[in-house]
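So the structure is just underneath, and the comments pick up after that.
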Amino acid sequence: MEIVVKDLSVVYMPDTPYEKQALSHIDLRIESGCFAAIAGATGSGKSTLIQCMAGLIRPASGQVQVGDKIFHAGSKSGAALRKHVGIVFQYPEHQLFEETIAKDIAFGLKNRGITEPKLDREVHRMMDLVGLPGELSDRSPFHLSGGQMRRVAIAGILALKPDVLIMDEPTAGLDRQGKQELFRLLKDLHEKQGLTVILVTHDMNDVAKYADQVFVLSGGKLALSGTPAEVFEQYQIWQELSLELPQVSQLVAKINEQLDVPLPYSIFTLEELEQSLAKRFVQREAPT
Amino acid sequence: MEPIIQFEHVWFRYQVDEPDPPWVLKDIRLNIDPGEYVSIVGNNGSGKSTLARLANGLLLPTKGRVMISGMETSSEQDIWQIRRTVGMVFQNPENQIVATSVEDDIAFGLENIGVPPLQMEEKIKNAVKAVGLEGFEHHEPHTLSGGQKQRLAIAGVIVLEPDVIIFDESTSMLDPVGRKTILEIMQSLNRRGKTIIHITHSAEEAFMADRMIVMHQGECKLDEATGRLYQEAMRLKEWELDVPLEIELWDRLRQKGWPLPDKIINKEELVSEIWRLLSRT
């Protein structure tokens, strides 16, 4: 489902000494079915933006449109958006609270009036979707590993069948394996279920690997947007914003320090770097 | 020189209501000398955090013994001295803050060990300076950023003047800016003679230490100086760990037949080798 943000501004605690402009005049469009990333430093407005998209924070001016639902300063509530947009917040495992995994996943469904036997069926379908073995359903979620707890939380959101799934720093604190598994799940959901996925992160390596579209926020403004190649190419701007580029881009910058003809900054994967170096290197010694 | 931390055939398992709980640590033998900068890497469940908790007596070995500056952690009379010798900084900065101002939070530990108020001022000032929180002394901790909170947690530890500081995934919840400052603080503490143990998932961070220990399924699989480890770093994949990017590139280029040396000791060396080869063409 498409998301269009028009001239969106958000002000916290207006007309008080603590007034803070969290977002100013953001314009962006996230295409339906895309894997988008919203990046930026802490305090750049990422969380405020996604909460507007999910109908949780009201715009001070401008609007957010999700599908055909519009949310603006005068809207009665953001409830219309909430039906379409699911947010998995940072460390969602801290929000688990039920005695069993099945009950935790069922919580949102029950609120929507779903009853047995459909409820049980749905819960098991969701467990299957996120890769949790069905026999875990009666176990306490608190005995799972960090990565698995996170899956329970995601299943609870997916059960509500959102068209857009927003994940705020989904891999923070996970190890390499947990991280890879989670991204595999997100890619699957994106490709097979046609979900529009929005990833909020400050890890540019993840952006480089997974996103089709990138939006970079800085000080509540949209600083850069485009495909990863288009965005990472703006090497100067990244330095000015003191944001961290993907590790590959950093290595490219380091190699470029002493090359007369620099490597292009549009390189952001190891494969591209390897190929680009190979092109330049005319082999004098035959490989053994 | 006597090692500051000694693990002698340490086995550990949690006491649970199961007949035969699995071993979390198996036969760990380890010596760490004063002033070393060691990283411990391993996936979740590898036993690395358990290892850290055994090093300051938060947990006691099921078999074997852990010695800190010659004191055994199971000794009740030495345990307080051991905990003052080995300080710990944990993963989540939110869980380590107790007071309502930065200064009071740092003073908390000093009060506990009975430092007279007159001496506190100087100590707090030094701790604040060491973590770069000058000007924040009277701020409320909840107004600080994640990275600043973690710096406050470190100040609360170093004010007690431990010889060893263990950072248990202390950078994993921070943004890149916060992470960088914490890593710089670790390095500067190490330069000033503190023994630093950094438990992390990140290959990049682990290679900043002088020595790296790989934990996998409760066993110590590798214990090597990072300079020497570079050439066999592709092995880290065996234990599902990340390999630093430059090593991955070096490995790929070599497989393509680039005449690169069969060992490199750091990123700078790889980059200058690439320069050399490209400028010859």
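The values are calculated or read from the model by the stated rules, or taken from the named source; none is laboratory data. All of these numbers come straight from a predicted model, not from anything done at the bench. Please note: Cβ atoms are built from the backbone with ideal geometry, for glycine as well, and neighbour counts cover all protein chains shown.
Do the conditions hold for A:LYS161, that is, is it under 20 Å from A:MET1 (Cα atoms) and surrounded by fewer than 18 Cβ atoms within 10 Å (Cβ to Cβ)?
yes
Answer yes or no: is there a residue in the stretch B:81-93 that is farther than 18 Å from B:VAL164 by Cα and crowded, with 20+ Cβ neighbours inside 10 Å.
Looking for residues that are farther than 18 Å from B:VAL164 by Cα and crowded, with 20+ Cβ neighbours inside 10 Å, one finds at least one in the stretch B:81-93, hence yes.
Collect the residues in the stretch A:164-177 that are buried (at least 22 other Cβ atoms within 10 Å of the Cβ) and farther than 22 Å from A:ILE50 by Cα, keeping them in residue-number order.
A:ASP175
Considering only the stretch A:6-22, I want to know if a residue exists there that is in the same structural domain as A:ILE198 (by the TED database), of a type in the set (S, T, N, Q) and within 28 Å of A:LYS209 (Cα to Cα).
no
Can you pull out the residues in the stretch B:122-160 that are under 17 Å from the mean Cα position of the chain (by Cα), assigned to a helix (DSSP H, G or I) and aliphatic (A, V, I, L, M)?
Correct list: B:LEU152, B:ALA153, B:ILE154, B:ALA155, B:VAL157, B:ILE158.
When the residues of the stretch A:144-158 are filtered to those that are away from chain B (no Cβ under 11 Å) and under 22 Å from B:SER202 (Cα atoms), which remaining residue is surrounded by the fewest Cβ atoms within 10 Å (Cβ to Cβ)?
Of everything passing the filter in the stretch A:144-158, A:MET149 is surrounded by the fewest Cβ atoms within 10 Å (Cβ to Cβ).
For residues in the stretch B:229-264 being under 17 Å from B:TRP275 (Cα atoms) and of a type in the set (Phe, Trp, Tyr), which is farthest from the other protein chains (Cβ to nearest Cβ)?
Per the stated criteria, the residue is B:TRP250.
Based on this model, can you work out whether B:VAL243 counts as at pLDDT below 90 and over 16 Å from the mean Cα position of the chain (by Cα)?
So B:VAL243 fits the description; yes.
Pull out all pairs, ordered by first then second residue, where Cβ-Cβ is under 6 Å, the residues are six or more apart or on different chains, the first lies in the stretch A:1-29 and is crowded, with 16+ Cβ neighbours inside 10 Å, and the second is of a type in the set (Phe, Trp, Tyr) and in a strand (DSSP E or B).
Short answer, once both residue conditions are applied: A:ALA22/A:TYR12; A:LEU28/A:PHE215.
If the requirement is being within 30 Å of A:LEU165 (Cα to Cα), surrounded by 16 or more Cβ atoms within 10 Å (Cβ to Cβ) and not assigned by the TED database to the domain that holds A:PRO170, which of these qualifies: A:LEU270, A:LEU241, A:LEU263?
A:LEU270
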